[in-house]
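Please treat every number below as a calculation from the coordinates, not as lab data. Keep in mind that what you see is a predicted model, and the values were worked out from it rather than measured. For neighbour counting, all protein chains shown are included, and Cβ atoms are generated from backbone atoms with ideal geometry for every residue, glycine included.
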Amino acid sequence: MMSASDRNLRFGWWSLLVFLSLGGVLETLHGFKVGWYVDVGNEMRRLMFTLAHAHGTALALVNIVAALTARNVENFELRASVSTCLIWSGILFPLCFFLGGIVTYGGDPGLGVWLVPVAALLLAADGLLGPVCAESWERQQNIKKSVVMNFILPSIKMGELLSVKLDFNKGWEKPQMVGSCHV
């Protein structure tokens, strides 16, 4: 049986492929000036399709990050309920916006957009269920410490190595440190 992190990782990569391809189709419709998509009266359709593409791509990335976090952070498991909420919000958000753009009523989206609150509730439920995935306070603290030590601190160190400051009067220069903050 497939684990929750495997399911989210597979869903995330496939949906990333689908929604990036949708972005390519939208760019093609725009590039060839297809009236059904770019005419002035179809602004709502264009907005709904763009929202479908953006939300689908973003939630695909969220699924991938959640799965990789569950795989790489010690003592962290992606609960089945959290996994299911993430996947269904990744399906419903873009589907609602896409359906809302297929048939528009003047400047208003179609009826599919009424499902967006359901998708938002699933995403909120994921946010509420996620923090309770650790069994005890001590385990939660170990997870936080592991995330800080393995992901955040190396990112900060890399940022300090690569950060530069642009002063329009002087050009590029290294950042000045004041305490532990860059100015």
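For the stretch 4-133, what is the charge dipole size about the Cα centre, in debye to the nearest 20, if Lys and Arg each add +1 at the Cβ and Asp and Glu each add -1 at the Cβ? Could the numbers behind the result be given before it?
Values: 7 positive and 8 negative charges, 31 e Å.
Here the stretch 4-133 has a charge dipole of around 140 debye.
With r defined as the distance between the Cβ atoms of His30 and Leu68 and R0 fixed at 30 Å, what FRET efficiency is calculated, to the nearest 0.05? Let's see the in-between values first.
Working: r = 33 Å, r/R0 = 1.10.
The formula returns an efficiency of 0.35 here.
Label-point separation (nm) for Ala80 and Asp108, each offset 7 Å from Cα along Cα-to-Cβ?
4.2 nm
Give me Tyr37, Tyr105 ranked fewest to most by other Cβ atoms within 10 Å of their Cβ, as a rough exposure proxy. Kindly include the intermediate steps, with their values, before the conclusion.
Details: Tyr37 17, Tyr105 9.
Least crowded to most crowded, the residues run Tyr105, Tyr37.
Mind checking the stretch 26-75 for trypsin sites (Lys or Arg not before Pro) that DSSP puts in a loop (not H, G, I, E or B) and that have at most 13 other Cβ atoms within 10 Å?
Working: sites: Lys33, Arg45, Arg46, Arg71; in loops: Lys33.
Hits after loop and neighbour filter: Lys33.
In square nanometres, what is one fourth of the surface area of the convex hull spanned by the alpha carbons of the stretch 24-116?
Values: hull surface 26.9 nm².
Hull-based average projected area comes out at 6.7 nm².
For the pair Val40/Ala124, report the inter-label distance in nm, with labels modelled 7 Å from Cα in the Cβ direction.
3.9 nm
So if I place +1 on the C-beta of Lys and Arg and -1 on the C-beta of Asp and Glu, and nothing else carries charge, what would the dipole magnitude of the stretch 1-76 be about its Cα centre? I want it in debye, nearest 20. Working shown, then result.
Values: 6 positive and 5 negative charges, 20 e Å.
Its charge dipole is roughly 100 debye.
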